[in-house]
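Before any comments, here is the structure.
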Amino acid sequence: RKEVEQDPGPFNVPEGATVAFNCTYSNSASQSFFWYRQDCRKEPKLLMSVYSSGNEDGRFTAQLNRASQYISLLIRDSKLSDSATYLCVVPSPLSGNTGKLIFGQGTTLQVKP
Amino acid sequence: DAGVIQSPRHEVTEMGQEVTLRCKPISGHDYLFWYRQTMMRGLELLIYFNNNVPIDDSGMPEDRFSAKMPNASFSTLKIQPSEPRDSAVYFCASRPGTVGYQPQHFGDGTRLSIL
């Protein structure tokens, strides 16, 4: 099993739709998680941090299910500007607090007018 | 505040040439990371530093790759000799050394093409 696994998509949705991505991780000791957003030909940028059961920021909600070892990202009322690749990121549990992160392959979202 | 600064933004060179990528982390950040991103392999960690000391270089593909961090505000990633398969986007990232898991902040990247 890969350390971090995502459905690559692409997810094609109309504006205003609600879309959810899942990400599974292999190591049950992982304590905190991140979602990064990467636009085409740009650098990854932090979207949300998830330190407990979940986090909400406007139209974006991240949820953590430790028992099943997955993290989800929900986007409500999709906008054209949400089109991007969303990277699920898990700290490497072997590295303690050294900050080594494991990046998923990313899920591509395309929001259509 | 200035973010992570990388140079050059683009580099096109012929195989066999030496390539040097540069990075200036965010001031005060104790950790610096070098990544490589390709369509096939996604984002891969090459090496990272803590307080200018290399901690883990297990991601460095081979001896042709080397990285240095002579001081807290500057790091280089060197490829010598370069090969076409080294073509990728190379990102530098930094993060604070505070307690707990902190996200990393990325530079704009260097797009490297080896002909």
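Every number in this text was worked out from the coordinates using simple rules, so none of it is lab data. Just so it is clear, the structure is predicted and the values come from calculations on it, not from any experiment. So basically every Cβ, Gly included, is an ideal-geometry build from the backbone, and we count neighbours across all protein chains shown.
Can you list the equivalent-ellipsoid semi-axes of the protein assembly as shown, largest first and in whole Å, using the square root of 5 times each Cα gyration tensor eigenvalue? Write out the running numbers ahead of the final one.
Working: eigenvalues 180, 87, 50 Å².
Semi-axes (√(5λ), whole Å): 30, 21, 16.
Any idea what % of Cα-Cα pairs in chain A are farther than 25 Å?
Details: 1075 of 6328 pairs.
Tail fraction, whole percent: 17.
Tell me, A:V13, B:V12, B:V4 in order of fewest to most beta-carbon neighbours within 10 Å?
Numbers: A:V13 17, B:V12 11, B:V4 23.
Listed from fewest to most nearby Cβ atoms, that is B:V12, A:V13, B:V4.
Could you compute the FRET efficiency for B:I55 and A:D7, with r as their C-beta to C-beta distance and R0 at 30 Å, rounded to 0.05?
Working: r = 32 Å, r/R0 = 1.07.
After rounding, the FRET efficiency stands at 0.40.
Hey, could you get me the Stokes-Einstein D for chain B, Kirkwood radius over alpha-carbon pairs, 20 °C and 1.002 mPa s, rounded to whole µm² s⁻¹?
The diffusion coefficient I find is 152 µm²/s.
Give the separation of the Cα centroids, segment A:1-46 to segment B:13-57, in Å.
Here the answer is 23 Å between Cα centres.
Run the reach check for A:K112 against lysines, Cα to Cα strictly under 28 Å, same-chain hits fewer than 8 apart removed. What comes back?
Of all the lysines, those that pass the test against A:K112 - Cα under 28 Å, at least 8 places apart if same chain - are A:K42, A:K45, A:K79.
Go ahead and run the numbers for FRET between B:R9 and A:Q31, Cβ-Cβ distance against an R0 of 25 Å, rounding to 0.05.
Rounded to the nearest 0.05, the efficiency is 0.10.
For B:S66 and B:M40, what is the calculated FRET efficiency with R₀ set at 22 Å and r taken between the beta-carbons, to the nearest 0.05?
It comes to 0.40.
What average number of partner chain Cβ atoms lie no more than 10 Å from the Cβ of the residues making up A:105-111? Show your work: numbers first, answer last.
Values: counts 3, 3, 0, 0, 0, 0, 0.
So the per-residue partner count for this stretch is 1.
Kindly put B:Y48, A:Y51 in sequence by how many other C-beta atoms sit within 10 Å of each C-beta, fewest to most. Walk me through the numbers on the way to the answer.
On the way: B:Y48 27, A:Y51 13.
Final ranking by Cβ density, sparse to dense: A:Y51, B:Y48.
Before anything else, pin down the relative contact order of chain B: Cα pairs under 8 Å, at least 6 apart, normalised by residue count, whole percent.
On the way: 284 pairs, mean separation 42.4, N = 115.
About 37 percent, as a whole number.
Cut-off 10 angstrom, C-alpha nodes, Gaussian network model of chain B. Which of B:F74, B:F91, B:F33 fluctuates the most?
Checking each option, the largest mean-square fluctuation is seen for B:F74.
Rounded to a whole number, what is D in µm²/s for segment B:40-100 from Stokes-Einstein with the Kirkwood radius over alpha-carbon pairs (4 °C, 1.567 mPa s)? Provide the component values of the computation, followed by the final result.
Working: Rh = 13.0 Å.
So the translational diffusion coefficient is about 100 µm²/s.
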